[in-house]
Amino acid sequence: LAVWADNRNAAMSGRDIYGVLLAADGSLLDSVARPICLATNSQTDPTVAASGTNYLVAWSDWRHAATNFGYADVYGTLLSGTGAVLQPEGLAICTATNDQVQPAATALGTNFFVVWQDSRATIGALIRQDIRGTRVGSGGDVLDPTGLPICTNVANQTVPALAASGDEALVVWADARSGSGDIYGARVLADGTISDTNSLMICLTNGAQTLPAVAANGPTYFVAWADWRNGGTYAPDIYGTLVTDGVAVPQNGYAIRQGLL
């Protein structure tokens, strides 16, 4: 299942979420895109996970922006294996105060797991960005409705990504606790236990590191990110590293792509 934010109804309702089913060889199974969420205002940043039976699609949702000071929530829906939308009005995955945006999802154990960038916390008059998540059951139950605190450091944590291996997932994010921006992570178990409450240090070198991505290969994860350690003027480099048993080897990563453009 491929999903995206779509402007075709922008004049009436802002952006919506659409998708198409694809076969294993990459061929399209849908000749017309499937509407997944057509709620009022805009829905953006869609993410999708597959359990082998159903799909979970989650997104940033502005349907309550008029009464929520313009802030977004995280909504989602389950789709059957044939693409039927099982919650046409959407599941409210997190509707805490302020913004919840940039969701990422994976299958984890017998459930799904969704993480997002959460701004309910404040420092004085300033809003702080944290990483929170929840398990979503196979029937659409939101099992951790207040959001599990994956990282609530006093600095900002943004743009989370995650991948799962069996009954464990690795969540990664960009972290501003040192000032310039680094890559941190934490392992989460299928029962919602956060294994690394102090966060895993993945890349803490000079310059800024952001926009992490992660994939699982058995018990080992590979994390990649955009990296400005070499002072690129026009664009960052791409670095990455392996994470096994909560340890990044090598910490700070190695170059995957370097260049001026």
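Here Asp141 meets the list (1) over 12 Å from the mean Cα position of the chain (by Cα); (2) open to solvent by 20 Å² or more (accessible area, probe 1.4 Å); (3) within 23 Å of Thr77 (Cβ to Cβ); (4) touching a residue at least 12 places away in the same chain (Cβ under 8 Å) almost entirely, failing just condition (4). Restricting attention to segment 177-187, the residues that are assigned to a strand (DSSP E or B) and open to solvent by 20 Å² or more (accessible area, probe 1.4 Å) total 1.
Only one entry of Asn198, Asn156 meets the criterion of being of a type outside the set (A, V, I, L, M, F, W, C), more than 22 Å from Tyr18 (Cα to Cα) and free of Cβ contacts under 8 Å to residues at least 24 places away in the same chain, and that entry is Asn198. If you go through segment 204-224 and pick out every residue that is over 24 Å from Trp116 (Cβ atoms) and either within 17 Å of the chain's Cα centre (by Cα) or hydroxyl-bearing (Ser, Thr, Tyr) (or both), you end up with 2. Applying the set (1) modelled with pLDDT of 95 or more; (2) of a type outside the set (Gly, Ala, Ser); (3) out of contact with any Asp or Glu (no Cβ under 8 Å at 6 or more places or on another chain) to Thr53 leaves exactly one unmet item: (1). Taking the criterion of being among the polar types (S, T, N, Q) and touching a residue at least 24 places away in the same chain (Cβ under 8 Å), the residues of segment 1-36 that qualify are Asn9, Ser13.
Hey, any hits in segment 31-44 for a residue that's open to solvent by 50 Å² or more (accessible area, probe 1.4 Å), of a type outside the set (Val, Ile, Thr), in a strand (DSSP E or B) and more than 23 Å from Asp141 (Cβ to Cβ)? Yes, because at least one residue in segment 31-44 is open to solvent by 50 Å² or more (accessible area, probe 1.4 Å), of a type outside the set (Val, Ile, Thr), in a strand (DSSP E or B) and more than 23 Å from Asp141 (Cβ to Cβ).
The values are calculated or read from the model by the stated rules, or taken from the named source; none is laboratory data. On a predicted model such as this, the values are computed, not experimentally measured, just so you know. Counting neighbours? That spans all protein chains shown, and the Cβs are built from the backbone with ideal geometry, glycine included. When the accessible area is computed, the model is the full protein with side chains, heavy atoms only, and any ligands, DNA or RNA have been set aside. Shrake-Rupley method; radii C 1.70, N 1.55, O 1.52, S 1.80 Å.
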